[in-house]
Amino acid sequence: MDMKIPFYEEYRDKIRCRICPHNCILDEGKFGICGVRTLKNNVPVAINYGGVTSMGVDPIEKKPLYHFKPSKNILSLGSFGCNMTCSFCQNYEISQGKPETQYMSVEKLIDIIPKVENNAGVAFTYNEPFMWYEYIYDAAKSIKENNPDTSVVVVTNGYINEEPLLKLIPYVDAMNIDLKGYTSRYYNKICGARLEPVLETIKIANKYCHVEITTLLVSDENDSIEETREIAKFIASVNENIPFHLSRYFPRYKMDNAETRIDTITQAQNEAKRYLKHVYVGNVEGVDNNTYCSKCNELIIRRNGYSTEILMKENKCEKCGEDIYL
Ligand code: SF4
């Protein structure tokens, strides 16, 4: 379904979209980089409003969010479209294509959420949620106005302009933001975007909601210890409590570099822990992904795969009383 874009401006007899830092000039019948916004009868519209391509119930740890409502499930859904073109994309059928969708009204979504067992709320994920901005804004606002206890989660690449971000974020409880690397070269060459706007999104998000960050370490591209150190230092400069997920890459889509070495991930984790309180590893079996108190090292949350056991009360370490970032 089409929906008018809420952020645009006239630009030399044309219309420029202002949702994300690409700031595409929209032409009649031609799409912006995201593949979902265009001009129809001189009106700028997104064509994916309410169009769902994927929906399921996941452990919230799978987003990944390790310090937000641990052990809960979360209703997860996405549409199509993305404003990045990552060579390693795992969801390229929905990020780069225009697959079939099922329409779901905001009212229907709100109706489904309480029917999910042990549910924290709803996560907008799978494709880039900000490319579904018109729908997730309406849904998130309505969810929070109807039931503030229902959590709204956004799993995003963080590539959005400040104005639309600030309009949406009062209705968002938690975000997992990809920080895909720490060089302009990597963002330009591998992702078709720029680094700086993502850093700005992380800084803004940290002021308004719970934030966790994920970096996919791609062999021979962004897996140097120096780059991990720079990422960890940046995150720590925003908030040293932000949980950091280092994820192992496997060949996908257009990228055929070898899978990331496990010892590379382990070394990166150790380096990041010098700056951050909680650093986890994704896509590697059998690693210790428990949460420990950053002050006394007491076990706080035990994780075995997606089975999660919470060993504290009221977000404090049982042994030393340290506040845990949850
Ligand atoms: S949202 Fe889409 S059309 Fe708008 S600026 Fe970003 S990529 Fe371009």
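The values are calculated or read from the model by the stated rules, or taken from the named source; none is laboratory data. These figures come from a predicted structure and were not determined experimentally. So basically every Cβ, Gly included, is an ideal-geometry build from the backbone, and we count neighbours across all protein chains shown. Just the protein is used for accessible areas: all its heavy atoms, side chains included, with ligands, DNA and RNA removed. Shrake-Rupley method; radii C 1.70, N 1.55, O 1.52, S 1.80 Å.
Among the candidates LEU276, LEU246, the residue that is assigned by TED's automatic domain parsing to the domain that holds VAL154, touching a residue at least 24 places away in the same chain (Cβ under 8 Å), open to solvent by less than 20 Å² (accessible area, probe 1.4 Å) and in a loop (DSSP other than H, G, I, E, B) is uniquely LEU276. Of the helices (runs of 4 or more DSSP H) entirely within region 153-238, those holding at least 3 residues that are within 26 Å of SER79 (Cα to Cα) and assigned by TED's automatic domain parsing to the domain that holds ASP58 occupy 162-168, 195-208. Looking for something among the aliphatic types (A, V, I, L, M), in contact with a helix residue (DSSP H, G or I) (Cβ under 6 Å, 6 or more places away or on another chain) and in contact (Cβ under 8 Å) with a residue 12 or more places away in the chain - is there at least one such residue anywhere in region 41-49? Within region 41-49, one or more residues are among the aliphatic types (A, V, I, L, M), in contact with a helix residue (DSSP H, G or I) (Cβ under 6 Å, 6 or more places away or on another chain) and in contact (Cβ under 8 Å) with a residue 12 or more places away in the chain. Scan region 1-45 for residues that are outside any loop (DSSP other than H, G, I, E, B) and either within 7 Å of the ligand (Cβ to nearest atom) or of a type in the set (Phe, Trp, Tyr) (or both) and the total you get is 5. Within region 73-88, being surrounded by 19 or more Cβ atoms within 10 Å (Cβ to Cβ) and either assigned to a loop (DSSP other than H, G, I, E, B) or of a type in the set (A, V, I, L, M, F, W, C) (or both) holds for ILE74, LEU75, LEU77, SER79, PHE80, GLY81, CYS82, ASN83, MET84, CYS86, PHE88. Take the residues in region 17-30 that are touching a strand residue (DSSP E or B) at 6+ places or on another chain (Cβ under 8 Å) and surrounded by 17 or more Cβ atoms within 10 Å (Cβ to Cβ); name whichever of them is nearest to THR156 (Cα to Cα). The selected residue is ILE19. The set of residues in region 279-307 being part of a strand (DSSP E or B), open to solvent by 30 Å² or more (accessible area, probe 1.4 Å) and in contact with a strand residue (DSSP E or B) (Cβ under 9 Å, 6 or more places away or on another chain) consists of TYR292, LEU299, ARG302, SER307.
Considering the conditions (1) under 23 Å from MET175 (Cβ atoms); (2) open to solvent by 30 Å² or more (accessible area, probe 1.4 Å), VAL218 is excluded by exactly one of them, (2).
Just one of the listed residues (ALA139, ALA120) is under 21 Å from PRO59 (Cβ atoms), assigned by TED's automatic domain parsing to the domain that holds SER151 and either touching a Leu at 6+ places or on another chain (Cβ under 9 Å) or among the hydroxyl-bearing types (Ser, Thr, Tyr) (or both), namely ALA120.
Just wondering, is there one or more residues in region 308-325 that are open to solvent by less than 70 Å² (accessible area, probe 1.4 Å) and assigned to a strand (DSSP E or B)? Write out each step before concluding.
Let us first name the residues in region 308-325 that are open to solvent by less than 70 Å² (accessible area, probe 1.4 Å), namely 308, 311-312, 315, 317, 320-322, 324-325.
Keeping just the survivors that are assigned to a strand (DSSP E or B) gives 308.
Yes, that holds for at least one residue.
Filtering region 46-55 to residues that are open to solvent by 10 Å² or more (accessible area, probe 1.4 Å) and either within 11 Å of the ligand (Cβ to nearest atom) or not in a strand (DSSP E or B) (or both) leaves ILE47, TYR49, THR53. If only residues of region 92-151 that are in a helix (DSSP H, G or I), out of contact with any Phe, Trp or Tyr (no Cβ under 7 Å at 6 or more places or on another chain) and among the charged types (D, E, K, R) are counted, the one that is nearest to the ligand (Cβ to nearest atom) is ASP138.
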